[in-house]
Amino acid sequence: MPPQETITATADAQLKARHAAMWASGDYPKMVETWLLPLGPRLVAACGIGSSSRVLDVAAGTGNASIPAAQRGASVVASDLTPELLEAGRARPEADGLDIEWIPADAENLPFEDASFDVVMSAIGAMFAPHHQATADELVRVARPGGTVGLLSWTPEGMIGELFRIMGPYAPPPPPGAQPPPLWGSEEHVRELLGDRVEYRSEQRGVLEVTAFQRPHDFVDHFVSDYGPTIVTRANAAKAGLDAELDAKLLDFAGRRNLGTPDAARYEIEYLVTVATRI
C-alpha cells in the first residue's frame, strides 16, 4: 500500500486536473469578450498599477486583468491552472507586444519565490481554487513587504452567489475542505484569510451591469453552453435525471434577476474589490 503522502498527492493532482478540465470546457474566452471585460481594468485601477510594477495575476484566465496592467507599462506574469485559457489570452490582439509572461500555475501552490512581486492580484479567479486558506497564504507569500494584494470577487449576496447556491445541490460533491467560491466576496471572510499579514487600503463593492443578452433564456443558454461550472453541474444533474429540474430553476433565476424587460434583459452583478498592503 502506498504511503499516505503519495495517496494525498495523487488525489490532489487528480482534483487539479478535473478543475482545469472544467474551466477548459465550454467557451470561457467567449464569456470574457461578451460581458466580463470591464472587470480587469477596474481591479488594475484599484491596485494603482504603474509602469514600474512587477505584477502577478493569479488565476488570470485569458488575461482580463493582466493585459490592462501591461498596457500601463507593468511587467506582468499571468498564471492559471488551465493552459488553454492562457493560450487564448496570449492570442488576444490586445496582448500583442506587451510585457506578459504566461505561466501555468496552481493558485494553491504558486511556483514563485517569496516576496517576488510588487502587486499580486486576481479578478474572479483565485476565488475558485477550492482551498481558500492555502490560496490566501500563497497570495501573501509572493507579495513583497509594502507590496499590494488586490482581489475582485463575486459576492455571496449577489447574482453569481445565488447562481452557485442554486447549482450546489446538483453539482458533484466538493473535495474535502473546499469552500464556496463567493465567500471571497465577503469582507469578513477575506479578512479572516489574510489576517494581520496585511493592512487594508480599501474594501469596496461594485456592480457589473450586463446587457449582452436579449432575453433571460439567452442568459441561461450562455451559462449552460459556455461556463465550465454550469456545464459540469448540469452533466452531473443529468446522471440523476434532474437536468430538467435544474434548467427550470436557472430560467426562474434569470427571470427574477432581470432588471430590464422580457425582450431587453439587464442584470446587475455585485462584486467586492479588496486592496491591501503586505506588512
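Take region 221-233 and flag every residue that is over 17 Å from the mean Cα position of the chain (by Cα) and either surrounded by fewer than 20 Cβ atoms within 10 Å (Cβ to Cβ) or of a type in the set (Gly, Ala, Ser) (or both).
Those that are over 17 Å from the mean Cα position of the chain (by Cα) and either surrounded by fewer than 20 Cβ atoms within 10 Å (Cβ to Cβ) or of a type in the set (Gly, Ala, Ser) (or both): Asp221, Val224, Ser225.
What residue, among those in region 158-174 that are in contact with a Lys or Arg (Cβ under 9 Å, 6 or more places away or on another chain) and part of a loop (DSSP other than H, G, I, E, B), is farthest from Ala107 (Cα to Cα)?
Gly158
Residue check, Ile269 against (1) within 30 Å of Val119 (Cβ to Cβ); (2) in contact with a Lys or Arg (Cβ under 6 Å, 6 or more places away or on another chain), all met but one. Which one?
Of everything listed in (1) within 30 Å of Val119 (Cβ to Cβ); (2) in contact with a Lys or Arg (Cβ under 6 Å, 6 or more places away or on another chain), Ile269 misses just condition (2).
What are the residues in region 234-279 that are over 21 Å from the mean Cα position of the chain (by Cα), aliphatic (A, V, I, L, M) and over 23 Å from Tyr170 (Cβ atoms), if any?
Leu259, Ala264, Ala265, Ile279
Out of the residues in region 36-51 that are of a type in the set (A, V, I, L, M) and in contact with a strand residue (DSSP E or B) (Cβ under 6 Å, 6 or more places away or on another chain), which is farthest from Ser75 (Cα to Cα)? Can you show your working first?
Quick first cut of region 36-51, residues of a type in the set (A, V, I, L, M) only: 36-37, 39, 43-46, 49.
With the extra rule that they be in contact with a strand residue (DSSP E or B) (Cβ under 6 Å, 6 or more places away or on another chain), the set shrinks to 39, 43, 46, 49.
Values: Leu39: 20, Leu43: 16, Ala46: 17, Ile49: 10 Å.
Filtering first and then ranking leaves Leu39.
Exactly one of (1) over 14 Å from the mean Cα position of the chain (by Cα); (2) in contact (Cβ under 8 Å) with a residue 12 or more places away in the chain is unmet by Pro176. Its number?
All conditions are met except number (2).
Check Ala254, Ala235, Ala248 and return the single one that is under 25 Å from Trp184 (Cα atoms), assigned to a helix (DSSP H, G or I) and among the aliphatic types (A, V, I, L, M).
Details: Ala235 fails: under 25 Å from Trp184 (Cα atoms); Ala248 fails: under 25 Å from Trp184 (Cα atoms).
On inspection, the qualifying residue turns out to be Ala254.
Coordinate-derived values only; no laboratory data. Note that the structure is predicted; figures quoted are calculated from it, not measured. Every residue, glycine among them, receives a Cβ derived from its backbone with ideal geometry; neighbour counts consider all protein chains shown.
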